[in-house]
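The values are calculated or read from the model by the stated rules, or taken from the named source; none is laboratory data. Just so we're clear, the structure is a prediction, and the values are computed from it rather than from any experiment. Virtual Cβ from ideal backbone geometry, glycine too; neighbours counted across all protein chains shown. Surface accessibility is based on the protein's heavy atoms, side chains included, excluding ligands, DNA and RNA. Shrake-Rupley method; radii C 1.70, N 1.55, O 1.52, S 1.80 Å.
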Amino acid sequence: MKTATALDALSEALRRLPGIGPKSAQRIAFHLLRHERDTAAQLAQALQDALARVQYCRLCNTFTETEICDTCADDSRDPGLLCVVESPADQWMIEQTLTYKGRYFVLMGRLSPLDGIGPKDIQLERLISRALDGLVREVVLATNFTNEGEATAYYIAQMLKSRGLKVSRLARGVPVGGELEYVDAGTIARAMLDRHDT
């Protein structure tokens, strides 16, 4: 019986990353050890530093190195708007648009009963507490448009509406620059249902 080596352990760790299969993990491991040893050492150090320093923001649950993240600490942001996203990556993408000036709550996941992920696993109690802080007037649901993301948005919307909060959802539709003949039928159908006056 073959014993696991350090190379096997590296390949297995890389394989756990999203989008990396066994062959890709092995190729990356070989490449790092053969050609990029300095890069591999920098990567290892950066991972150690991030694990030691990065924590969750006390208010919005995103990644930060301080108790409260820069976005939550920014007094110029509208405390009456609270955008709910699944991940810090989603928050980052919304920030790139330069169109949203409110605050955030990051779920760090989405409801997925088949995977055993329930309301407690995505910090819904903290979200409710944040939404009912007396400052929030509208919650914008910006979960992904997957089955799990839609179910999460619906669940949160029902919880918040029952408590008297205004809840909105990101619009869906044809992407900017998209040509209808190349857009899938589901996206066109949703765009038609979500149409608005011009």
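Observations on the structure shown:
- Within region 47-71, considering residues that are touching a residue at least 60 places away in the same chain (Cβ under 8 Å) and open to solvent by less than 40 Å² (accessible area, probe 1.4 Å), the one farthest from CYS83 (Cα to Cα): ASN61
- Failed condition for ALA131, given (1) on the phi > 0 side of the Ramachandran plot; (2) in contact with a Phe, Trp or Tyr (Cβ under 8 Å, 6 or more places away or on another chain): (1)
- Set side by side, the residues ASP8, ASP90 differ, and just one is assigned to a helix (DSSP H, G or I), buried (at least 16 other Cβ atoms within 10 Å of the Cβ) and of a type in the set (Asp, Glu), which is ASP90.
- Qualifying residue in region 173-183 (condition: at pLDDT 80 or above, in a loop (DSSP other than H, G, I, E, B) and either open to solvent by less than 80 Å² (accessible area, probe 1.4 Å) or farther than 19 Å from GLU138 by Cα (or both)): no
- Of all residues making up region 119-135, the number that are assigned to a loop (DSSP other than H, G, I, E, B), open to solvent by less than 80 Å² (accessible area, probe 1.4 Å) and touching a strand residue (DSSP E or B) at 6+ places or on another chain (Cβ under 9 Å): 2
- Test set (1) touching a residue at least 12 places away in the same chain (Cβ under 8 Å); (2) within 13 Å of LEU82 (Cβ to Cβ) - SER129 fails condition number: (1)
- GLY116 open to solvent by less than 70 Å² (accessible area, probe 1.4 Å), more than 17 Å from CYS60 (Cβ to Cβ) and either modelled with pLDDT of 90 or more or not basic (Lys, Arg) (or both): yes
- Listed conditions (1) more than 20 Å from the chain's Cα centre (by Cα); (2) over 28 Å from LEU135 (Cα atoms) are all met by ASP75, apart from (2).
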